Amino acid sequence: MVKMKKHPFILASLTIGGLFLFFLLVVFAAGLLGTGSVVSVGDKIGVLEVEGTIVDSRLLAEQIVTFRNRSNIKAVVVRVDSPGGGVGPSQEIYAELKKLAEEKPLVISMGSVAASGGYYIAVAGERIFANPGTITGSIGVIMSFPNYQDLMGKVGIQTEVVKSGTFKDIGSSTRKFTVADRALLQEMIDDVHLQFVEAISAGRNLPLEKLQPYVDGRIFTGRQALELGLVDELGGFHDAIKYAATVVGIEDEPDLVYPEPVKMDFIDRYLQSAVSHILGVDLGLKTTSGPQYLLHNY
């Protein structure tokens, strides 16, 4: 009779033990998948992606900080496929990557295009991989100002401006540049350009005088960039992953961790899809203004 009373307790214990083992298996499986899950097991390689025109740095900066703080991410590979973009966002991403590189190996993999601001970001890495045909370089700064003055005159439209200082309406589309306007803007552009060149000089360990002939906005193939010391090695994404794994001592096929996908609620998704379908306008598309590290006409 005593043994019969113990059976329910034994069954309950076995059930709890089985559930516990099942939970451990789920945790282990989540770690093996390496998809950026909160639950993660083992040493991993983080992968960040910079795609398209750089207009906002906030999301990527958060992702960089997250990867920097995750102890099981031993190295990070940044895949750059971008013609560049705004000066401010490019510099912010570069700054966060430099902080990450102080704590973990940071490897860059260039896609089809890694030019201007895309290259600015790349020089934060300790090793840069480029495909032989990657378009890179375009080391320069550009600002564009449309001028509708003649067109407005033809249709009889005029503008009257009241301003607090000589340069308050600089870049106006309703008047031509003055000599002073152009000198002021050129001085600003030259300073922003120098910041770019100094970042390359520091990141690539190249003297400014050696860089000078190649920082006039010209573009290069990956193979040409290798000859100039602007990249370290010709290779693709998987070559960069293999290199990062070797540096941190991961011998087997490394598990890759990507950032968590951005979540959008149903109403936002529906509105964006509807407007895009009816008007052909992408509500998620952002634009940038001001000086840009951008491959022109891209």
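The values are calculated or read from the model by the stated rules, or taken from the named source; none is laboratory data. This one's a predicted model, so the numbers in the text were calculated from it and none came from an experiment. Don't worry about glycine lacking a Cβ; one is built from the backbone with ideal geometry, like all the others, and counts go over all protein chains shown.
Quick one: in the stretch 215-268, of everything that is of a type in the set (Asp, Glu) and in a loop (DSSP other than H, G, I, E, B), which residue is modelled with the lowest pLDDT?
Across the stretch 215-268, the extreme among qualifying residues is Asp265.
Check Gly153, Gly203 and return the single one that is part of a helix (DSSP H, G or I) and at pLDDT below 95.
Step by step, each of Gly153, Gly203 is checked, and only Gly153 is part of a helix (DSSP H, G or I) and at pLDDT below 95.
Is at least one residue of the stretch 101-121 among the small types (Gly, Ala, Ser), assigned to a helix (DSSP H, G or I) and touching a residue at least 60 places away in the same chain (Cβ under 8 Å)?
For the stretch 101-121, residues among the small types (Gly, Ala, Ser), assigned to a helix (DSSP H, G or I) and touching a residue at least 60 places away in the same chain (Cβ under 8 Å): present.
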